[in-house]
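S.K.: The following block contains the structure, expressed as structure tokens.
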Amino acid sequence: MMDKQTQLEIEAATFRRILKHLQTKTDVQNIDLMNLADFCRNCFSKWYMAEAKERDVDIDYEAAREVVYGMTFAEWKEKYQLPATPEQLAEFEAGEARRKGG
């Protein structure tokens, strides 16, 4: 059984590894992540911001995105985001309806 500090360090290191992976896999589009797993880089940004708020740390959405993307969202979007295909958009809309219980 590991102690709480070791568990926390492992969890933090794992999170950093996930972020690094998402930052280097720029060919994986957010819409693909949403369509496959119901979360994307923006979700991570929102979760990061929410957890900061729980700890009375004031961080806005754009600052949280910069943590997750490793650069500003505008920069990432310009460099790596491709237009969504009609198929991706249709799948995303179906997922949105499912997520909203519709």
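S.K.: Filter the stretch 64-78 for residues that are part of a helix (DSSP H, G or I) and open to solvent by less than 40 Å² (accessible area, probe 1.4 Å); which is nearest to GLU51 (Cα to Cα)? Talk me through it step by step, then tell me what you get.
M.R.: Taking the stretch 64-78 as the starting set, the residues that turn out to be part of a helix (DSSP H, G or I) are 64-69, 73-78.
Checking which are open to solvent by less than 40 Å² (accessible area, probe 1.4 Å) leaves us with 64-65, 68-69, 73, 76.
Values: ALA64: 11, ARG65: 14, VAL68: 14, TYR69: 17, PHE73: 20, TRP76: 23 Å.
Step by step, filter the stretch 64-78, then rank; the result is ALA64.
S.K.: Going through the stretch 2-32 one residue at a time, which ones are aliphatic (A, V, I, L, M), farther than 19 Å from GLU75 by Cβ and assigned to a helix (DSSP H, G or I)?
M.R.: Taking the stretch 2-32 as the starting set, the residues that turn out to be aliphatic (A, V, I, L, M) are 2, 8, 10, 12-13, 18-19, 22, 28, 31.
In the following step, the residues that additionally are farther than 19 Å from GLU75 by Cβ were identified as 2, 8, 10, 12-13, 18.
Correct list: LEU8, ILE10, ALA12, ALA13, ILE18.
The values are calculated or read from the model by the stated rules, or taken from the named source; none is laboratory data. Quick caveat, the model's predicted, so the values are computed rather than measured. Every residue, glycine as well, gets a Cβ built from its backbone with ideal geometry; the counts of neighbours run over all protein chains shown. Note: accessible area is taken over every heavy atom of the protein model, side chains too, but ligands, DNA and RNA are not part of it. Shrake-Rupley method; radii C 1.70, N 1.55, O 1.52, S 1.80 Å.
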